[in-house]
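The values are calculated or read from the model by the stated rules, or taken from the named source; none is laboratory data. All figures in this text were calculated on a predicted structure; none of them were measured in a lab. Every residue, glycine among them, receives a Cβ derived from its backbone with ideal geometry; neighbour counts consider all protein chains shown.
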Amino acid sequence: MRDEFTRVFDKLREKKQFALDLWGYNICIHAFGCWGDLGMSLSFFREMKERSQGSDGSFGPDLRTYYSLIHILCLAGKVKDALIVWEELKDSGHEPDASTYRIIIQGCCKSYRIDDATIRFSEMQHNGFCPDNVVYNSLLDGLLKARRLTEACQLFEKMVEDGVRASCWTYNILIDGLFKNGRAVDGYTLFCDLKKKGPFVDGITYSIVILCLCREGQIEDALQLVEEMEGRGFVVDLVTITSLLIGLHRQGRGEWTERLMKHIRDGNLVPTLLKWKANMEAYVESPQSRNKDFTPMFPSKGDFSDIMNLISSCDMGIDIGPDLKADGQQDQEFPSSDTDPWSSSPYMDRLANQVNSNDHSFQTFSLSRGR
């Protein structure tokens, strides 16, 4: 999709009579940002601002522009920059809408900025917006990962009181959070209750519970859940299989692998599972040196150079906020000439002026890569 978009865009740019309007700039900023080219997105923003200076002001960034900028900054893990741009949005005369609140709350939660997320959540409600299932799920997940269990439970109760329907994903977050916060009994009880009430559990729910049982050494119960999972039409995925294999061999129950294999629907996993089982049995019979015991359970793609390239791409980021520091370096100062004193978005202007397109691309995973 990106190659086709770029090819069409380059052809249009070659035509002198073609000029981007506000909608065109917003589309390009959003598209290239989501494709991982933050530098290109910021260069489009800079070009839009330059053109707006010669117009009547109607060509400047609008709410959609700010939404896209905040979204791509969060995707790039630059949530601190996104929060500053968020403040510029409110000072620019535009009011955030429900979608903009949603994206900044998601970014804050994924980067463990829970206090910032709760502030925006309260502000969202104060301004008359009703948080939807996605917003509640994001904040619930963030609170549980931050081990703020009491606040998470209170938020879930508020969600129910506000009439927001909990989805399977909501219950998965809650069950997983209860297990990881030392409330395994409550998590398992909730899981059992949900199974009785209707379609409130899915394959991910089963995987969460099975993983917890394996960690607790309850392999027999875990295998029974696998059978139940398969009986209800859910696919036994790689995560579940891996958890069970580790648990089986930790307890010396390698013979139970055959019992597990009949529940594997994905034919591509069977050869890998058999090879891993044979290698594990050979290792048990004739233990090798620990220095040589680094064979992965399942084959991986890429090599160590891929990891180093990813780290390098992260280091090339543009976290240039006024209070950002890295490795003991002093805060970076922006030349005063970089900023229009009358601009409604001085911080974004500084970011755009510091970027050289194609030099600041990043690997897009999800908002979970936020810092």
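Against the condition without any contact (Cβ under 8 Å) to a residue 60 or more places away in the chain, surrounded by fewer than 20 Cβ atoms within 10 Å (Cβ to Cβ) and closer than 21 Å to Ser68 by Cα, how does Val134 come out, does it pass? Yes; evaluated as a whole, the condition is true for this residue.
So that you can scan it fast, the table gives a plain yes or no per residue for (1) part of a helix (DSSP H, G or I); (2) at pLDDT below 95; (3) farther than 14 Å from Asp141 by Cα; (4) touching a strand residue (DSSP E or B) at 6+ places or on another chain (Cβ under 9 Å):
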| residue | (1), (2), (3), (4) |
| --- | --- |
| Trp86 | yes, yes, yes, no |
| His94 | no, yes, yes, no |
| Tyr101 | yes, no, yes, no |
| Ile104 | yes, no, yes, no |
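One residue stands out in region 17-54 among those that are farther than 17 Å from His71 by Cα and among the small types (Gly, Ala, Ser): the one that is modelled with the lowest pLDDT, namely Gly54. Scanning region 111-168 for residues that are closer than 22 Å to Thr205 by Cα, of a type in the set (Gly, Ala, Ser) and under 16 Å from the mean Cα position of the chain (by Cα) turns up Ser138, Gly142, Ala146.
Touching a residue at least 24 places away in the same chain (Cβ under 8 Å), of a type outside the set (Val, Ile, Thr) and not assigned by TED's automatic domain parsing to the domain that holds Thr240, is that true of Leu139? Before you say what the answer is, go through the steps one by one.
Numbers: touching a residue at least 24 places away in the same chain (Cβ under 8 Å): yes; of a type outside the set (Val, Ile, Thr): yes; not assigned by TED's automatic domain parsing to the domain that holds Thr240: yes.
It is true that Leu139 is touching a residue at least 24 places away in the same chain (Cβ under 8 Å), of a type outside the set (Val, Ile, Thr) and not assigned by TED's automatic domain parsing to the domain that holds Thr240.
Scanning region 150-207 for residues that are surrounded by fewer than 16 Cβ atoms within 10 Å (Cβ to Cβ) and either touching a residue at least 40 places away in the same chain (Cβ under 8 Å) or of a type in the set (S, T, N, Q) (or both) returns Thr150, Gln154, Ser167, Thr189.
If a residue counts only when it is under 21 Å from Glu95 (Cβ atoms) and of a type outside the set (Val, Ile, Thr), which helices (runs of 4 or more DSSP H) contained entirely in region 1-82 have at least 2 such residues?
On the way: elements: 2-14, 22-34, 38-53, 63-75.
Fully inside region 1-82 and qualifying: 22-34, 38-53, 63-75.
Filter region 211-229 down to residues that are among the polar types (S, T, N, Q) and assigned to a helix (DSSP H, G or I), then give me how many there are. Can you show your working first?
Going residue by residue through region 211-229, those that are among the polar types (S, T, N, Q) are 218, 224.
After this cut, where a residue has to be assigned to a helix (DSSP H, G or I) as well, the list is 224.
Here the count works out to 1.
Can you find a residue that is modelled with pLDDT of 95 or more, closer than 22 Å to Cys34 by Cα and out of contact with any Phe, Trp or Tyr (no Cβ under 7 Å at 6 or more places or on another chain) anywhere in region 136-157? Yes, some residue in region 136-157 is modelled with pLDDT of 95 or more, closer than 22 Å to Cys34 by Cα and out of contact with any Phe, Trp or Tyr (no Cβ under 7 Å at 6 or more places or on another chain). Apart from one condition, Leu42 fits all of (1) under 23 Å from the mean Cα position of the chain (by Cα); (2) without any contact (Cβ under 8 Å) to a residue 40 or more places away in the chain; (3) farther than 27 Å from Ala152 by Cα; the exception is (2).
Can you confirm whether region 193-214 contains a residue that is among the aromatic types (Phe, Trp, Tyr), within 30 Å of Val85 (Cα to Cα) and not assigned by TED's automatic domain parsing to the domain that holds Ala82?
no
I need the full set of residues from region 129-168 which are aliphatic (A, V, I, L, M) and assigned to a helix (DSSP H, G or I), in order please.
Selection gives Val134, Val135, Leu139, Leu140, Leu143, Leu144, Leu149, Ala152, Leu155, Met159, Val160.
Among the numbered conditions (1) under 24 Å from Gln354 (Cα atoms); (2) assigned to a helix (DSSP H, G or I), the only one that Asp115 does not meet is (1).
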